[in-house]
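J.: Have a look at this one before I ask anything.
The values are calculated or read from the model by the stated rules, or taken from the named source; none is laboratory data. Every value quoted in this text rests on a predicted model; they were computed, and no experiment measured them. All Cβ positions, even for glycine, are placed from backbone atoms using ideal geometry, and neighbour counts span all protein chains on display. In case anyone asks, the SASA skips ligands and DNA or RNA and just uses the protein heavy atoms, side chains included. Shrake-Rupley method; radii C 1.70, N 1.55, O 1.52, S 1.80 Å.
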Amino acid sequence: MSRMYSFAGISLLLAAVALVAGCASPSPSSPEKIRRALNVDTSTSVDEYVLGATDVVKVSVWRNDDLSITVPVRPDGKISVPLVGDVQASGRTPVGLAEEIESNLAQYIREPQVSIVVTSMGSHEYSDRVRVTGAVQQPVSVPHRAGMTVLDVVLGAGGATPFAALNNSMLYRKVGGEVVAIPVRLEDILNNGDVETNYAIRPGDILSVPERNF
């Protein structure tokens, strides 16, 4: 289910980009919406990661190696754990899953201590990617990395083409079910050393660089 929502979010973003691609001057969102979107945390952490189908997790039970396993999250969102049986994993954080398994194991062993390590993040393969479209040398879709900025993703796309309307670029970010359009002055960043709009990139962001109107 979580993966379905991820694809829906991506489709919403791509539809927004496609809608404005044919317009002469895409309109930015309101200043208040832009402010809220830019205040969204752009970092990621294990505690915030939400598990989904096709993720692979390592379940470690302290001093009980026979109960420790590495398993994929099944399409039904569950994993099978020795003694415990099926446990809902999809939609939970690793910490939340560990607490659930500890609670279930408590009837079999004394004070169980469980840790969860995500060894494969398959469910976030697309939702955590960053995309660059439009007048760039090579439109790309790349995994998000901590510390990534607008400049990083543009350089990763080989830079802009000679026909790019750099200062009309737009960063699209999904916030609370709505796509927010954030103006990016790419000309200022690349050629003038003005990095005011060299925003930190968040997983799922799309940067669109339009062509000039001739």
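J.: Grab the other residues whose beta carbon is less than 15 angstrom from that of Ala165, score K and R as +1, D and E as -1, and report the net.
T.: Net local charge, Ala165 excluded: -1.
J.: Then there's this: Identify, among Gly147, Asn64, Thr93, the residue whose Cα sits farthest towards the positive end of the charge dipole of the chain, taking +1 on the Cβ of Lys and Arg and -1 on the Cβ of Asp and Glu, with the dipole about the Cα centre.
T.: Checked the options; the winner is Gly147.
J.: Over the chain, average the accessible area per residue using a 1.4 Å probe and give it in Å², no decimals.
T.: Dividing the accessible area of the chain by its residue count gives 53 Å².
J.: With a 1.4 Å probe and all protein chains left in place, how much of the accessible area of region 81-204 comes from carbon and sulfur atoms, in whole percent?
T.: Solvent-exposed carbon and sulfur of region 81-204 make up 47 percent of the total.
J.: Taking a quarter of the surface of the Cα convex hull of region 99-214, what do you get in nm²?
T.: Taking the Cα atoms of region 99-214, their convex hull projects to 10.2 nm² on average.
J.: Using the crude model of +1 on Lys and Arg Cβ and -1 on Asp and Glu Cβ, and no other charge, please compute the dipole size for region 133-214 relative to its Cα centre, in debye to 20.
T.: Using only the charged Cβ atoms, the result is roughly 240 debye.
J.: With r as the distance between the Cβ atoms of Ser30 and Phe163 and R0 = 25 Å, compute the FRET efficiency 1/(1 + (r/R0)^6) and round to 0.05.
T.: Taking R0 as 25 Å, the efficiency between Phe163 and Ser30 is 0.25.
J.: Something else: State, to one decimal in nm, how far the label point of Arg145 lies from the label point of Val195, with both points 7 Å from Cα in the Cβ direction.
T.: 1.6
J.: Pick out, from Ile79, Leu105, Phe163, the residue whose Cα sits farthest towards the positive end of the charge dipole of the chain, with +1 on the Cβ of Lys and Arg and -1 on the Cβ of Asp and Glu.
T.: Positive-most Cα among the choices belongs to Phe163.
J.: Could you work out Rg/(2.2 N^0.38 Å) for the chain, with Rg from alpha carbons only?
T.: Normalised Cα radius of gyration, the chain: 1.26.
J.: Quote the FRET efficiency, to the nearest 0.05, computed for Glu187 versus Tyr126 with a Förster distance R0 of 35 Å and r equal to the Cβ-Cβ distance.
T.: E between Glu187 and Tyr126, to the nearest 0.05, is 0.70.
J.: Using 0.36 nm times the number of residues separating Val40 and Lys78, minus their current alpha carbon distance, what extension gain do you get?
T.: Between Val40 and Lys78, full extension yields 10.7 nm more.
J.: Still on this structure, please answer the following. What is the sum of charges around Ser120, taking Lys and Arg as +1, Asp and Glu as -1, for the other residues whose C-beta is under 11 Å from the C-beta of Ser120?
T.: Charge balance near Ser120 sits at -1.
J.: If you don't mind, there's one more thing I want to ask. Provide the net charge surrounding Lys33, with neighbours chosen by a C-beta distance below 14 Å and charges set as Lys +1, Arg +1, Asp -1, Glu -1.
T.: Overall, the nearby charge balance is +2.
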